[in-house]
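Below is one structure; the comments refer to it alone.
Just so you know, all these numbers are worked out from the coordinates, no wet-lab data involved. Predicted model, so just to flag it, every value in this text is computed and none were measured. Cβ placement follows ideal geometry from the backbone for every residue including glycine, while neighbour counts extend to all protein chains displayed.
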Amino acid sequence: MIRRVASFALVAVMALSAADWEWNLPPGFPRPVVPPENQMSVAKAELGRYLFYDVRLSVNGQQSCASCHRQELAFTDGLARAKGTTGELHPRSSMSLVNVAYVPSLTWANPAMDKLEEQALVPMFGTDPVELGLKGQEERVLDSLRKAEVYQRLFSAAFPGDPRPIRMDTIANAIAAFQRTIISARSPYDRYRYGGDESALSEAAQRGEKLFFSGEKAGCSQCHGGWNFSGSVRYAGGQKVESEFHNTGLYDTYRAPNTGIQEHTGKAADSGKFRAPTLRNIAVTAPYMHDGSIATLSEVIEHYARGGRSSANPLKSSILHPLSLSPRDKMDLIEFLQSLTEEELLKDPRWSNPWR
Amino acid sequence: MKLGRLCPALLLMAAAIMGQEAAPSVRVTGAVKQALALTADDLGKMPRASVKTDSDGIAIVYEGVWLHDVLKRAGVPMGTDLRGKALASYVLAEAEDGYQVLFSLGELDPEFIDNQILLADTANGRPLFGSQGRFRLVAPKEKRGARSVRMLTRLDVVMLRK
């Protein structure tokens, strides 16, 4: 009986703490899916922010999640390939975390990875490649966090009723909750398209929008469609859709470790297929593609205008074909892509480093 | 002297004519009894209809005129008139950028199938604009959006059997 009352009280406290969360999204904008076992709360998102920026979560005490996911770069790192604590280069480029709460698959090339709570552990404990390098360091890290007064307070607030809340699973849950809050829905383009402000976009950007969504002219939206410019999204109350992966003809042959989803599916036809990331804030996330092999937006557009820089890959997506774009068309497309940058997001204190 | 007075007046008239851009329209052409060029004003005077769509979680209510009503107005056989050779006819929907899709007349006629294909001119109460074009088709019952043609400019009716 006592246990039943206690568990009832715990559920009540959890419900209470979850109830204080508000997404504060523009009217009509869908809410993200939140796993029932990791409900949102102000305290949990705040704890996640502290952890996200905490260099104690690295073997060299110098890096954190934010080292490869820098707010001012829309939570990317400006590098072609991310660099871990041991200097090891990741085979792929650091992905933006903007609107990550909505994407069906989180990474470049693993269709099965769809839980932020699981993915948060990969950079911490992964060994191939080593990123934050915490494998074997779990107890040392937990000890250092448990000794920090700020964390005693933050964890208790984030996980009320939990007698010993500073654990790896709660760390991952809090970081995941923080990541779900990084939502971009207020770019100039959003104001133009959804907010009734037709002056929010220049004429060039408006021409670029028409090209972007034209299947005949540029066809960008065939992979980067929808309001997130990433293809299908998951949202509260929606269907559980899957990500699509595309071979964009970067190479004649895609070699390990960058074989795309083939690494996970084992199917030869999946070689070179990577996820189409969101294009929100794309102007600040150079260099581009899964391996950072294209330096500028202008060169990305040249790549697609040629129908992919590789002409010999038989697995190249049939969506790609040479495009007839004038120099003005290309500039218009860039102007449109720049309208997807939400400047406020790049400096909003809700997502900034709390340790500074 | 007369010329001096006339020229400014002519220039003003020419400027007025050039300044008046023709209102955007959807043309209905081809094997029709009455070719049409329908503006938003014209569509506003026809029987209005609306459909609700869900675009990745963003709800949009499109308003406009059922495509079969547009075709009927152009004299295209619909309902009991859609029989015999007319059933081997189709509508080619064309967009400003050259994109084209086609529908057979049968799949546009509610007496054959309840397909609910709308020629839309507003979304959530606002005139369509930008990449949507001033007019578009909306086919909410279709699983893929590829025939919900944006930037619609023309509906060309083709009769294969004369």
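Rank A:Gly48, A:His90, A:Ala101 by how far each Cα sits towards the positive end of the charge dipole of segment A:2-183 (+1 on Lys, Arg Cβ; -1 on Asp, Glu Cβ) and give me just the farthest.
A:Gly48
Rounded to the nearest 10 degrees, what's the angle between the helix B:2-19 long axis and the longest principal axis of chain B, both from Cα atoms, 0 to 90?
That works out to roughly 20 degrees.
Can you tell me the orientation of helix A:149-158 relative to chain A, as the angle in degrees between its alpha-carbon axis and the longest Cα principal axis, to the nearest 10?
80
How far is helix A:42-52 tilted, in degrees, relative to the longest principal axis of the Cα atoms in chain A, given as a value from 0 to 90 rounded to the nearest 10?
For A:42-52 against chain A, the angle is about 70 degrees.
Go ahead and run the numbers for FRET between A:Glu216 and A:Ser298, Cβ-Cβ distance against an R0 of 22 Å, rounding to 0.05. Mind dumping the intermediate values first?
Values: r = 22 Å, r/R0 = 1.00.
Plugging the Cβ-Cβ distance into 1/(1 + (r/R0)^6) gives 0.50.
In nm, give the distance between the simple-model label positions of A:Gln62 and B:Ala49, each being 7 Å from the Cα along the Cα-to-Cβ direction.
6.7
For A:Ala269 and A:Glu22 in the same chain, what is the full-extension length gain: residue separation times 0.36 nm, less their Cα-Cα distance, in nm? Display every interim value, and only then the final one.
On the way: separation 247, 0.36 × 247 = 88.92 nm, distance 4.33 nm.
Computed gain between A:Ala269 and A:Glu22 is 84.6 nm.
At R0 = 60 Å, how high is the FRET efficiency between A:Asp143 and B:Lys162 if r is their beta carbon distance? Nearest 0.05 is fine.
0.10
Roughly how big is segment A:2-183's charge dipole about its Cα centre, with Cβ charges of +1 (Lys, Arg) and -1 (Asp, Glu), in debye to the nearest 20?
Using Cβ point charges on Lys, Arg, Asp and Glu, segment A:2-183 gives about 220 debye.
Could you tally the net charge around A:Lys316, taking each other residue with its Cβ under 11 Å from the Cβ of A:Lys316, Lys/Arg +1 and Asp/Glu -1?
+1
Before anything else, pin down the relative contact order of segment A:298-348: Cα pairs under 8 Å, at least 6 apart, normalised by residue count, whole percent. Kindly include the intermediate steps, with their values, before the conclusion.
Working: 23 pairs, mean separation 17.7, N = 51.
Here the relative contact order equals 35 percent.
Could you give the size of the charge dipole of segment B:23-159 about its Cα centre, using +1 on the Cβ of each K and R and -1 on the Cβ of each D and E, expressed in debye and rounded to the nearest 20? Don't skip to the answer; put the middle values down first.
On the way: 18 positive and 17 negative charges, 23 e Å.
Computed about the Cα centre, the dipole is about 100 debye.
Within segment A:24-49, find all residues whose amide N lies under 19 Å from a label point positioned 7 Å from the Cα of A:Asp169 along Cα-to-beta-carbon.
What the label zone holds, given the 19 Å backbone N cut-off, is A:34-41, A:44-45, A:48.
Given the convex hull of the Cα atoms of the protein assembly as shown, what is a quarter of its surface area in nm²?
That works out to 34.6 nm².
Over 25 Å between C-alpha atoms is what I'm after, so list which of A:Lys44/A:Lys115; A:Lys330/B:Lys141; A:Lys135/A:Lys267 land there.
A:Lys330/B:Lys141; A:Lys135/A:Lys267
Which three extents, in angstrom, do the Cα atoms of segment A:188-344 have along their principal axes, listed largest first?
Cα extents, longest axis first: 48, 42, 28 Å.
Counting only C-alpha contacts under 8 Å and six or more residues apart, can you give the relative contact order of chain A as a whole percent?
21
Over chain B, what relative contact order in percent results from Cα pairs under 8 Å that are six or more residues apart? List each step's numbers first, then the result.
Details: 295 pairs, mean separation 41.4, N = 162.
Relative contact order for chain B comes out at 26 percent.
Which shape class, rounded, prolate or oblate, goes with segment B:23-159 when its Cα gyration tensor gives a ≥ b ≥ c as root eigenvalues, a/c under 1.5 marks rounded, and past that a/b bigger than b/c marks prolate?
Prolate shape, in that a/c is at least 1.5 and a/b is the bigger ratio.
If each residue's Cβ is checked for other Cβ atoms within 10 Å, how do A:Thr248, A:Thr127 rank with the fewest at the top?
Going from sparsest to densest Cβ surroundings: A:Thr127, A:Thr248.
State the answer as a single residue: which of B:Thr153, B:Val32, B:Gly79 lies farthest towards the positive end of the charge dipole of chain B, with beta carbon charges of +1 for Lys and Arg and -1 for Asp and Glu, about the Cα centre.
B:Val32
Rank-order B:78-90, A:69-81, A:268-280 by packing density, defined as the average count of other C-beta atoms within 10 Å over each peptide's residues, highest first. Let's see the in-between values first.
Values: B:78-90: 14.0, A:69-81: 19.9, A:268-280: 21.5.
My ranking of the peptides, most packed first, is A:268-280, A:69-81, B:78-90.
Please work out how much length the chain gains when fully extended from A:Glu203 to A:Ser326, using 0.36 nm per residue of separation minus the C-alpha to C-alpha distance, in nm with one decimal.
Residue separation times 0.36 nm, minus the Cα-Cα distance, leaves 42.6 nm.
Starting from the 7 Å offset along Cα-to-Cβ, what nm value, one decimal, do you get for the label separation of A:Lys347 and B:Phe112?
6.0
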